[in-house]
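All remarks here apply to the structure that follows.
The values are calculated or read from the model by the stated rules, or taken from the named source; none is laboratory data. Because the structure is a prediction, the values reported are computed rather than measured. Note that each Cβ is placed from the backbone with ideal geometry, even for glycine, and that neighbours are counted across all protein chains shown. Each accessible area value is taken on the protein alone, full model and side chains, heavy atoms only, with ligands, DNA and RNA left out. Shrake-Rupley method; radii C 1.70, N 1.55, O 1.52, S 1.80 Å.
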Amino acid sequence: MFEFKERYNINDLIEIVSILRSENGCPWDKVQTHESIRKDFIEEVYEVIEAIDLKDSDLLKEELGDVLLNTVFHTQIESEDGNFNFDDVCNDICQKMIVRHPHVFGDVSANTTDQVLNNWDKIKMNTKGQTTYTETLESVAKSLPALIRAEKVGKRASKANMDFQDVQTALQSVKDETSELQTAIENDSTQQVYEEFGDLLFSCVNLGRKLGIDSERALVDATNKFIDRFSKAEDLIRSNGIDDMKSLDIHQLDAYWQKAKILK
């Protein structure tokens, strides 16, 4: 019988999920699969990121709990199939952290962040049985958001010295890809335009990496800035007695946009 408490711990959470998944548990919880709650896990992780961005500790605590719940839930499904349990998950991650920190748990010397990361990469390749740099690129999860995946692939390629020499060469690549996209547009080749546009995006991500810019975050901030300016432009339009901004042509809208840009 479940014991109600003033304060619960991880063992209680594991028991709660087990009860919810049991024959007499929750009708919804007990029919879920890895696939059916896959999207939920993604959404919960993004809500953790939102809490971090808001610097909201209470919200962060709540959202981390939701991520932990998803971890326990997926583990419970595997436990029911006899594959592994939560202790196995904890054991594996503990072993991984010990192996990948030989400068803390062993006799390897690493006094700088760069040394730590270099050791980490070498150990990771070894433990995963990767013998080529290509395998390290291929191991980057395809389910990642495209910008994040592109940045990780570029970063891993740089470990093999396959990288731009500096910011200027990376910037030149963006210019070259822009020119190639322009040519594809002029050629009216749908497939070529598609490919060159993708190349341009990839080049922009690598330029961001060389500049030390998180492309995903930069695009998030740029999108938020666009929404803010759009809102100000629409307010200016409405303040002039125009109820529907669609009634204005692009030149009139641009005039309001330029005014919105200088507003605080």
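Here are some notes:
- Förster radius 51 Å - calculated FRET efficiency between L253 and N83, Cβ distance, rounded to 0.05: 0.35
- Cβ-Cβ distance of D163 and I37, R₀ of 41 Å, FRET efficiency by 1/(1 + (r/R0)^6): the value works out to about 0.60.
- Segment S139..K155, full-extension length gain: 4.5 nm, with 0.36 nm per residue of separation and the alpha-carbon distance subtracted.
- As a fraction of the 1.4 Å probe accessible area of region 130-264, surface on carbon and sulfur atoms comes out at 55 percent.
- Estimated Rh, the chain: Kirkwood, alpha-carbon pairs, angstrom: 23.8
- Per-selection Rg to Rh, region 223-264 - Cα, Kirkwood hydrodynamic radius: 0.94
- Over 22 Å (Cα to Cα) - which of K175/K264; K39/K124; K96/K122; K152/K210 fall in this group: K175/K264; K39/K124
- Exposed-site-free run, longest, the chain (rule: GluC sites (Glu not before Pro); DSSP loop; at most 13 other C-beta within 10 Å): 36-264
- Here the extension length gained between N91 and K61 equals 8.4 nm, from 0.36 nm per residue of separation less the Cα-Cα distance.
- Full extension of the chain between E6 and T132 gives 40.1 nm of extra length, using 0.36 nm per residue less the Cα-Cα distance.
- Å² of accessible area per residue within region 120-264, as computed with a 1.4 Å probe and no ligands counted: 70
- Cleavage-rule hits, chymotrypsin sites (Phe, Trp or Tyr not before Pro), region 1-39, DSSP coil, Cβ neighbours within 10 Å at most 11: F2, F4, W28
- Straight-distance crosslink candidates among lysines, where the alpha carbon sits under 17 Å from K259 and sequence neighbours closer than 8 are dropped: K225, K232
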